[in-house]
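The values are calculated or read from the model by the stated rules, or taken from the named source; none is laboratory data. Source: prediction; values computed, not measured. For neighbour counting, all protein chains shown are included, and Cβ atoms are generated from backbone atoms with ideal geometry for every residue, glycine included. Side chains included, ligands, DNA and RNA excluded: accessible areas come from the protein's heavy atoms. Shrake-Rupley method; radii C 1.70, N 1.55, O 1.52, S 1.80 Å.
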Amino acid sequence: MEAGGGEIIIYTTVAGEDHARDFARGLVERRLVACVSAIGEVMSRYFWLSETMTEDREVLLILKTHRDKLPELERYFAEEHPYEVPEFLVFEAVGVSASYREWMRAEMKL
């Protein structure tokens, strides 16, 4: 295991499988991420533009990428994410195996 070298994980949610498939496909095709993992139905609860709690069934997407891709990812989210205010949470990877890092960099053309 090596120390993180700019690898990041991004969490976002979308409204369903169709949105998840399309959004993830675009990210991978544009080489903005090495991989997107979709975690089936999750229940999100939050207040949105009201005092009434909203409950939505969503798909959680976990994006594996590099911090050098952040400006392009922010543009992609602004243009392609189906939500008005998308979840865009970024986590630094503190450790990455050498072989996974090599694969990620190759997939993202870094």
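Per-peptide packing, taken as the mean over residues of other Cβ atoms within 10 Å, places 14-20, 44-50 in the sequence 14-20, 44-50 from highest down.
With the highest mean first, a sort of the peptides 100-110, 25-35 on other beta-carbon atoms found within 10 angstrom per residue produces 25-35, 100-110.
When Lys and Arg each count +1 and Asp and Glu each count -1, what net charge do the other residues less than 10 Å away from Ala15, Cβ to Cβ, add up to? Every neighbour counted, the sum reads -3. Averaged over its residues, the stretch 5-97 has an accessible area of 59 Å² per residue, based on protein heavy atoms and a 1.4 Å probe. If you wrap the tightest convex hull around every Cα atom of the chain and split its volume per residue, you get 103 Å³. Relative contact order of the chain, taken over Cα pairs closer than 8 Å and 6 or more residues apart, is 45 percent. The length gained on full extension between Met43 and Asp22, counted as 0.36 nm times the residue separation minus their Cα-Cα distance, comes to 5.5 nm.
Counted by Cβ distance under 9 Å from Glu92, the other residues give a net charge of 0, where Lys and Arg count +1 and Asp and Glu count -1. The charge dipole of the chain, taken about its Cα centre with unit charges on the Cβ atoms of Lys, Arg (+1), Asp and Glu (-1) only, comes to about 500 debye. Taking a point 7 Å from the Cα of Leu89 along the Cα-to-Cβ direction, the residues of the stretch 1-21 with backbone N closer than 17 Å to it are 8-15.
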